[in-house]
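Structure record follows, encoded as structure tokens.
The values are calculated or read from the model by the stated rules, or taken from the named source; none is laboratory data. Note that the structure is predicted; figures quoted are calculated from it, not measured. Here the Cβ positions follow ideal geometry from the backbone for every residue, glycine too, while neighbour counts run over all protein chains shown. The area values use the complete protein model at the heavy-atom level, side chains included, leaving out ligands, DNA and RNA. Shrake-Rupley method; radii C 1.70, N 1.55, O 1.52, S 1.80 Å.
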Amino acid sequence: MAIGLRIKFPGGTQEQYNAVHDHLDIENRPPEGLIFHASGPVEGGWGLLDFWHSRNDFDRFAGGRLKHALDELGDGAFPAPPEIREFPIHNYTVPRI
């Protein structure tokens, strides 16, 4: 079942997000199972909204590529672990272009 994740990096900034996002090269190398990703400033930090085909897909990405990117970037990455809230996705639509 598809899931949605609201992710907040307390104290996170756009610069830190850009460093991680650019390092991961999501546009050219999307992780398996990612349906949708968006980000922006939220109160007290930086927020993400992701849709994934399963929590296992996200956990595999977070424990692999994302962890490696955060480790490699060190102080250039987010200063604290994220707060993650999961919710079930009943329906999503991908427009045909």
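On a 0 to 90 degree scale, rounded to 10, what angle separates helix 14-24 from the longest Cα axis of the chain?
70
Rounded to whole Å and ordered largest first, report the semi-axes of the equivalent ellipsoid of the chain derived from its Cα gyration tensor (root of 5λ).
Listed largest to smallest, the semi-axes of the chain are 22, 15, 13 Å.
What does the charge count near Asp57 come to, summing +1 for each Lys or Arg and -1 for each Asp or Glu among other residues with Cβ under 11 Å from its Cβ?
-1
With +1 on the Cβ of every Lys and Arg and -1 on the Cβ of every Asp and Glu, and nothing else charged, how large is the dipole of segment 21-97 about its Cα centre, in debye rounded to the nearest 20?
Dipole size: approximately 320 debye.
Can you work out the Karplus-derived ³J(HN,Hα) for every residue in segment 44-51? Use 6.51 cos²θ - 1.76 cosθ + 1.60 with θ = phi - 60°, whole Hz, and x for glycine or proline.
Each residue of segment 44-51 in turn: x, x, 10, x, 10, 10, 10, 10 Hz.
Give me a comma-separated list of calculated 3J(HN,Hα) values for segment 28-36, in order, Karplus coefficients 6.51, -1.76, 1.60 applied at θ = phi - 60°, integers in Hz, x for any Gly or Pro.
Residue by residue, segment 28-36 yields 9, 9, x, x, 4, x, 6, 9, 8 Hz.
What residues have an amide H closer than 5 Å to that of Gly45, excluding those fewer than 5 places away on the same chain, when H is modeled at 1.01 Å from N in the peptide plane?
The list, which skips near neighbours in sequence, is Gly11.
Output wanted: per-residue J couplings in Hz (rounded whole) for segment 52-68, from phi through Karplus 6.51 cos²θ - 1.76 cosθ + 1.60, θ = phi - 60°, x for Gly and Pro.
With coefficients 6.51, -1.76 and 1.60, one gets 10, 5, 7, 5, 4, 4, 5, 4, 5, 5, 5, x, x, 4, 5, 4, 4 Hz.
Using a probe of 1.4 angstrom, how much of the accessible area of the chain is carbon and sulfur, in percent?
The nonpolar share, carbon plus sulfur, comes to 52 percent.
Pick from Asn56, Asn18, Asn28: which is most flexible by mean-square fluctuation in a GNM of the chain where alpha carbon atoms under 10 Å apart are linked?
Checking each option, the largest mean-square fluctuation is seen for Asn28.
Show me 78-84, 49-55 ranked by packing, highest mean number of other Cβ atoms within 10 Å first.
So the order, starting with the most tightly packed, is 49-55, 78-84.
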